[in-house]
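The values are calculated or read from the model by the stated rules, or taken from the named source; none is laboratory data. As the structure is a computational prediction, the values presented were derived from the model and not from experiment. Every residue, glycine as well, gets a Cβ built from its backbone with ideal geometry; the counts of neighbours run over all protein chains shown.
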Amino acid sequence: MGFSHLLVMPNQNLSKTLLAELIERWNCEKKAFELPPGEIKATLMDIALILGIRVTGEPVVLTDEPFSELEKVYGSSSQNRQITVASLERRLQSLSMVTNEEFIRTFILFIFGALLFPNADGTIDSRYLYFLKDLDKVPHFAWGEAVLRDLYFWLDRRKRETVEYMGSCLIFLQIWSYEHIDIARPIFQGSKLSFPRACRWKNSTSYTRQWFTTKFENLKEKQIIWQLKPTAEESNIDFVRELLEAEKDNLEALSTSNHLLRNDAVSDVIKLEESEDIVGELLEAQKDNLNLPTSQLSPTIASIENEDSLRTRNQILEKQNLELKKEVDFLRKENQNLRSQLSSVGNLADRLERILFDGDVNKEKEETSTNSVP
C-alpha cells in the first residue's frame, strides 16, 4: 500500500520546545523557516527520505464530496465529517483476528489519524475514506505531497490564528530539524535501518525554550544542511527515483521555457528599437516643419494664412512635438526594462544549464566510480 516504511520507524517523543521555536520562525508568505543565515524550506524530497512514502502520483485533495455510506459505517456524520482515532483503535482490536479489506482500510486510516494527517483534537477527516474505497489505487496517490501541504496549512494557521494546539505530521518536522539543523540532534542510531531517515535518530534530550531560542539566534551557516540529497542506495528506491526524474524534467522544461522567453524578449527589444527610430524620424520632420519660413510653405496656404493662423499651426506642431518626445522617453524606458529582463532570463537559463550539466557530470562520476570497484 506504500506505507510499509512507516512501520519500522521507532517511537519518538515530540520536543515541544524545539517545535515551538521552529513554528515561531515560520513565514506564512514565503512558506519557509527564517533562520539567521537564511531561509530554509521543507521539500518533497525531505518527505520522501524522512518518512519513506511516495510524493508523486495522483493528488490527494479533500473536496466537498457527498457524504458516503462508508463514512457513516466508521461513525462519521454529515455535520462534522470527523472520526476519532480512539474509535479506529477499538475497531482494529475487534478486527485483529481477520486480515481483510476492512482491517487494511481501518489500519491505514489509523495511520492517517495518528501520524500523517492528525487533527489537533484527536480526530481524522472522514473524507480520506474517499481515497481508500478502492485499495488497489491507494499506492498510486501522492500521500507525501498531501502530508507536506497539510503541514503548511497547520503552520499557517498556528501563526495567523495563534491556536493553542496544532495538527499535522509534527514528527516529520522534528526529524526534518535533526537532518537539516545541527541543534539538539540526538544520538545517531547505530542500527542497520537507515531508511527511512526517521530511523536514524534516537529521542532527543529535553531543553528549555530559552535554550533553543539562544541556539537558533546564534546559528551559523556551517550548522545547516540546506538541501538533503539521496544516497546512491536511496536513489534506487522507486518513489525516490520517480521524484528525481520529475525534478529533472521540471528543470529541463523551465530551461526550455526561459530560452523561449529570452527569444521573445529579444524580438520585443528589436521592435521597440524600430519604433524608437520611427518616432525619431517623425520628430525630425516636425522640427523641420517648425523651422520652415513662410515663403517656403505651399503658395496656396501662404496666400490664405495670416500671421494668427501660422501661430496657431506652430502651437499645434509644438504640442505634437512634446507628445512625441514623451512617447520616445516611454519607449526608451520600456527598451531598458526589456533589456534588463533579457539579461535576467539569460542568467537564469545559464544557471539552469549549469545545474543540469553538473547533475549529469556528477551522475557520470558516480557511475564511473561504481564501475571501477572490483
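Helices (runs of 4 or more DSSP H) wholly in segment 157-241 with at least 1 residues that are among the polar types (S, T, N, Q) and under 16 Å from L22 (Cβ atoms) - which ones?
Helices (runs of 4 or more DSSP H) meeting the threshold: 170-180, 209-217.
When the residues of segment 1-49 are narrowed to those that are among the charged types (D, E, K, R) and buried (at least 19 other Cβ atoms within 10 Å of the Cβ), which ends up farthest from T208 (Cα to Cα)?
Here the answer is D46.
Please determine whether any residue of segment 277-291 is surrounded by fewer than 17 Cβ atoms within 10 Å (Cβ to Cβ), at pLDDT 90 or above and in a helix (DSSP H, G or I).
no
Assigned to a helix (DSSP H, G or I) and closer than 16 Å to L6 by Cα, is that true of F153? Walk me through it before giving the result.
Details: assigned to a helix (DSSP H, G or I): yes; closer than 16 Å to L6 by Cα: no.
Here the answer is no, as F153 does not meet what is asked.
Looking at (1) under 23 Å from K41 (Cα atoms); (2) in contact with a Lys or Arg (Cβ under 9 Å, 6 or more places away or on another chain); (3) free of Cβ contacts under 8 Å to residues at least 40 places away in the same chain, can you tell me which one F153 breaks?
If we test F153 against (1) under 23 Å from K41 (Cα atoms); (2) in contact with a Lys or Arg (Cβ under 9 Å, 6 or more places away or on another chain); (3) free of Cβ contacts under 8 Å to residues at least 40 places away in the same chain, just (2) comes out false.
Residues that are crowded, with 21+ Cβ neighbours inside 10 Å, touching a residue at least 40 places away in the same chain (Cβ under 8 Å) and among the β-branched types (V, I, T): does segment 129-143 have at least one?
The answer is no; no qualifying residue exists.
Which residues, counting only those in segment 66-84, are among the small types (G, A, S) and buried (at least 18 other Cβ atoms within 10 Å of the Cβ)?
Of everything in segment 66-84, just one residue is among the small types (G, A, S) and buried (at least 18 other Cβ atoms within 10 Å of the Cβ), namely S76.
Just the residues that are assigned to a loop (DSSP other than H, G, I, E, B), over 21 Å from D150 (Cβ atoms) and aromatic (F, W, Y), please, taken from segment 66-119.
Result: F67, single match.
Can you name every residue in segment 123-166 that is touching a Gly at 6+ places or on another chain (Cβ under 8 Å), closer than 22 Å to N80 by Cβ and not polar (S, T, N, Q)?
I124, D150, W154
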